[in-house]
Amino acid sequence: METIQMAVSTTASYSFIQPSRYSFPSNCNPTFSISCKSHKPTSSATNATKKSESAVIPHTAGPSSYSALSEPFQQTLGEQQPLHKTNKGGSVSGKKKRVFFLDVNPLCYEGSTYSLHSLARWLSLFLSQVTHSHPVIAVFDGERGSEHRRQLLPSYKAHRRKFTTHLSSSQRVSRGHFRKSHQVINDVLRKCNVPVIKVDGHEADDVVASLAGQALSKGFRVVIASPDKDFKQLISEDVQIVMPLPELQRWSFYTLRHYRDQYDCDPQSDLSLRCIVGDEVDGVPGIQHVVPSFGRKTALKLIKKHGSLENLLNAAAVRTVGRPYAQDALTKYADYLRRNYEVLALKRDLNVQLCDEWLVERDTLNDTIALSTFFKYLEESKELTCTGGPKHL
């Protein structure tokens, strides 16, 4: 394994755990200063006989939850779709190679409870039933990742901080335990040949958005594994989301067609619409907090007509675009809405580079033993708590 710490000329710092089967090129990004420590990866002769086996999943679920997932892109919210699909423009997007981006942090929670058991279950299903040997890149939230958004909007994810302060000392997971659990997760992902990236000063959403754009430019089809609705603004013919469904104990694909059916608009309008109606989960207030009569129906109608929030605000500044209450709101609270846009928009231009070595077929030989060891470790350690740190795997 090579553990690589990178210092960048910008204010962000990067930490990568490179899979053992790859040698990390020093010219991957010339702005990086790289220090490497290597040792030979461990292997088992018995692993070769297990290449086609699925990872161990120590929980039960109905056979219908998994039987339709032999080809992962055929499973989209319970409906069958052909793997090779002809787009409206005539291109066959199914022939493109796929790369999966795994948003790790939200999978470490069951509701509001920090749980590595949750991560273990979803990771096992993800590698064995969804990605198979397609390349996977895992992304963590960086330290102080939400800070720049909180400076713009103090209420951004404020309820999460309030929730933490009301927990008893026995319920809280300390910063030290997060670091220790991060090491445990890194070790499991490394053994499964999944590179890990974390960019201090930025949330995982922004890192994924930046890397996804680079993957698209390299001719890949992107699949983002996350329950986070913020990624819906990235959906296109070549960008899909695969979401964990706790009630069904399986992953389910969410595509451009699903988005259009659900919202009656295109994903290009998603961000503009959320800026107007707000996002209660992330603590971003909508315009209805100051103009109660300005609801989603009005917002959707105006965004569909003008195409984007900026177009709508520019139009409202020079002419009447709707009823008096909507007109007044768009002119009086234009800065309010632009601030929401800056908070909710995913950054797609971070100074982080997608290396070609991450885009090759993933070696799955160690998956079964790595995940089985992870489950066994969690059972023996009785999960991570604030009274005892994790042991080494």
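Applying a threshold of 25 Å to the alpha-carbon distances of Lys301/Lys332; Lys157/Lys301; Lys97/Lys232 flags Lys157/Lys301 as lying beyond it. Residue-wise HN-Hα couplings along the stretch 247-261, as the Karplus relation 6.51 cos²θ - 1.76 cosθ + 1.60 with θ = phi - 60° gives them from phi, are 5, 10, 6, 7, 8, 9, 7, 10, 10, 4, 5, 4, 4, 4, 5 Hz; Gly and Pro carry x. Across the stretch 213-289, C-alpha contacts under 8 Å between residues 6 or more apart give a mean separation that, scaled by the residue count, equals a relative contact order of 20 percent.
Counting protein heavy atoms only, the stretch 262-381 has 49 percent of its accessible area on carbon and sulfur, 1.4 angstrom probe. Label-to-label distance, Arg348 versus Gln151, with points set 7 angstrom from Cα along the beta-carbon direction: 2.4 nm. The dipole here belongs to the stretch 223-295: it is taken about the Cα centre, uses +1 on the Cβ of Lys and Arg and -1 on the Cβ of Asp and Glu, and is about 100 debye. By the rule of a C-alpha distance below 19 Å, with chain neighbours fewer than 8 residues away ignored, the aspartates and glutamates paired with Lys305 are Asp261, Asp264, Asp266, Asp270, Asp328. The mean accessible area for residues of the stretch 245-304, using a 1.4 Å probe and ignoring ligands and nucleic acids, is 46 Å² per residue.
The values are calculated or read from the model by the stated rules, or taken from the named source; none is laboratory data. Quick caveat, the model's predicted, so the values are computed rather than measured. Cβ coordinates were reconstructed from backbone atoms using ideal geometry, including for glycine residues, and neighbour counts include every protein chain displayed. For accessibility, only protein heavy atoms count, side chains too; no ligands or nucleic acids. Shrake-Rupley method; radii C 1.70, N 1.55, O 1.52, S 1.80 Å.
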